[in-house]
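Working notes, structure below.
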Amino acid sequence: MNQHSAEGAPGAQAAQNTEYRVAHLLEHLAEGHAGELGVRIEVRGEAVMVTGTVASVQCREEVLGTVREELAGVPVHCDLVVAENSAPDQAEELA
């Protein structure tokens, strides 16, 4: 009997572990003030993709810090956008 068939493929176990860690991370983010943000985290192969929009640079850094802490050792690709929420510097012209 093949040892891999008895225990499962090592890559499959690593993917399940990453998915578990991502689920835990999402719970952790939801508990904090970042829970109302539009942050999505997806497992893509052996890496994780973090996407969405955050309210400030400080919030972005907080989310990334939490991601790095929870997913240490997992390659993380980040595409978090900071929403521009300052007042416009000129009046909008309506046609």
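The values are calculated or read from the model by the stated rules, or taken from the named source; none is laboratory data. Treat the numbers as computed from the prediction; the structure is a model and nothing was measured. In this analysis, Cβ positions are derived from the backbone assuming ideal geometry, glycine residues included, and neighbour counts consider all displayed protein chains.
When residue 5 is tested against the conditions (1) at pLDDT 80 or above; (2) more than 12 Å from the chain's Cα centre (by Cα); (3) assigned to a helix (DSSP H, G or I); (4) loosely packed, with under 11 Cβ neighbours inside 10 Å, the lone failure is (1).
Taken over region 29-79, residues that are assigned to a helix (DSSP H, G or I), at pLDDT below 90, more than 11 Å from the chain's Cα centre (by Cα) and within 21 Å of residue 17 (Cβ to Cβ) amount to 1.
Does at least one position in region 16-23 carry a residue that is farther than 25 Å from residue 84 by Cβ and at pLDDT below 85?
There is at least one residue in region 16-23 that is farther than 25 Å from residue 84 by Cβ and at pLDDT below 85.
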